[in-house]
Amino acid sequence: MKVLVVGSGGREHALAWKLAQSPKVSSVHVAPGNGGTALDADLHNLPITNIAQLRQWAIDHKVVLTVVGPEAPLAAGIVDDFRSHGLRVFGPTKAAAQLESSKAFSKAFMKRHGIPTAAYETFTDPALAHAYVDRMGAPIVVKADGLAAGKGVVVALAATDAHEAIDFMLLDNKLGVSHNEGGARVVIEEFLQGEEASFIVLCDGRHVAALATSQDHKRLLDDDLGPNTGGMGAYSPAPVVTPDVHARAMREVLLPTIRGMEKDGIPYTGFLYAGLMIDGQGHIKTLEFNCRMGDPETQPIMMRLKSDLFDLLMAATSGGLDQVELQWDRRIALGVVLAAAGYPLNPRKGDAITGLPAAAPDAMVFHAGTAQADDRLVTSGGRVLCVTALADSVKTAQQRAYDLVGGIHFDGAQWRRDIGHRAIRSAP
Ligand code: AMP
Ligand code: GLY
């Protein structure tokens, strides 16, 4: 059976790699894919990004299942389009994707359904937003309403930074946010402290099946310093999600969300990613929802998934998630992202990549911003590779991943040296 994966990042490489392992899958096509999915003999790149053309291709080639990786096509309605032509597709509809594409929508949703999240107000008028910051003081968090490729959140430690963020978002759109209906809007919310974790589930509209937990590293530099990025590395599982925290997250966040969406007439299907902040007492607040898998969280999560992903997604697209049980490798998976020179602001393209390791059963190099150019592999985007290894402890997974990173070269490569530091610190 033919499967289509939409997207071009490390997440899509990992999803396609895992789907190709299913004995039921005859071919996996990645649209548009990257240099790594082009090199992989089990995967086929499809150079199409237009939704109508993709849908036609899926019809013409009898694609059985389409999986959508990134938020942009989801927010643009790819699922509604495919479904209206009778195609099976895993992802949320345009309306349901608002959980990610509109902070104002998701905050109002959480408030309405009693899902724990930071206290907040929504503003369109800069004067009122500035007055609110004056009243609340710093630290405070300013979030643009609309997709912003990870640049729409400013954690302001000083009030001046919050004022500047308001002007950037409401007056000048300097962060390049794609606005929702009604124009520029910001959510200003309480600053939360604690440890973050990524809690990702599969949803079929009614049931939820939790994937293994994970933790991302959002800042560019070691010790969580430097600018926010899409994510510089991740590992699974995340020890901060104890069995108690896991049960609470399901009870207080994920189950009320799926029920709330159903009740509101917007049933949620697809991957649902809750970014959680967990305090010292194990209390949870929801930082954000993403309507997709995380990147780079997908890479370690897929390394650990033992169940057949194709079977799981077939169940998830027919309302059958209450019938599935997910099997996980007990080992720890840890992925280190290698980013291009200039990332995150101005990633440089065209640097030759050498030294990729040979395939191994306990390690995988997932590609993101890579492309084939005259028989060479070159950088073509901000996050270039995610070197992911499996081992019995976080420490050995970390060692193994960094050993492989050490052999890879491209000019200007940037990577963190401390992926997994929280788990290592908390290890017995
Ligand atoms: P978001 O896109 O909403 O997840 O925000 C990006 C990052 O900003 C999160 O991963 C957090 O590190 C940080 N952040 C977001 N909201 C808050 C908050 N209310 N308090 C503290 N940090 C936050
Ligand atoms: N790694 C964070 C995200 O995918 O949003």
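Nothing in this text is a laboratory measurement; each read-out follows from the coordinates by a stated rule. This one's a predicted model, so the numbers in the text were calculated from it and none came from an experiment. Here Cβ is always computed from backbone atoms with ideal geometry, including for glycine, and neighbour counts include all displayed protein chains.
With coordinates expressed along the principal axes, the C-alpha atoms belonging to the chain extend over 58, 47, 44 Å, beginning with the largest.
With the biggest extent put first, the Cα atoms of the range 278-428 measure 48, 40, 32 Å across the principal axes.
Given a cut-off of 18 Å, what percent of all Cα-Cα pairs of the range 379-428 lie beyond it? Before the final figure, lay out each step's value.
On the way: 436 of 1225 pairs.
Tail of P(r) above 18 Å: 36 percent of Cα pairs.
For the Cα trace of the range 115-234, dividing Rg by the Kirkwood Rh returns an Rg/Rh value of 1.00.
At each listed q (0.21 Å⁻¹), what is the log10 of I(q)/I(0) that the Debye formula gives for the range 194-306 modelled as equal alpha-carbon point scatterers? So the normalised log intensities work out to -1.17. Taking other C-beta atoms within 10 Å as the exposure proxy, LEU312, LEU334, LEU356 rank LEU356, LEU312, LEU334 from fewest upward. Checking every one of the trypsin sites (Lys or Arg not before Pro) in the range 247-346 against DSSP loop status and a limit of 10 other Cβ atoms within 10 Å picks out LYS306, ARG330.
Taking the centroid of alpha carbons for each part, the range 110-144 and the range 259-321 are 26 Å apart. The longest stretch of the chain left intact once loop-based GluC sites (Glu not before Pro) with at most 16 other Cβ atoms within 10 Å are removed from consideration, loops following DSSP, is 1-180. Within the shell defined by Cβ-Cβ distances under 11 Å, the residues around ASP329 carry a net charge of +2, with Lys and Arg each +1 and Asp and Glu each -1.
Pairs spanning more than 26 Å between alpha-carbon atoms, out of LYS103/LYS218; LYS306/LYS395; LYS263/LYS285; LYS2/LYS218; LYS24/LYS395: LYS2/LYS218; LYS24/LYS395.
Counting helices only, and only those DSSP H runs with n ≥ 4, report the 222 nm mean residue ellipticity of the chain as the sum of -39,500 (n - 2.57) divided by its residues, in deg cm²/dmol to the nearest 500. Display every interim value, and only then the final one.
Working: 15 runs with 121 residues, N = 428.
It lands at -7500 deg cm²/dmol.
Going from the fewest other Cβ atoms within 10 Å to the most, the residues LEU157, LEU255, LEU313 appear in the order LEU157, LEU255, LEU313. The trypsin sites (Lys or Arg not before Pro) of the range 1-56 that DSSP puts in a loop, and whose beta carbon has at most 15 other beta carbons within 10 Å, are LYS24.
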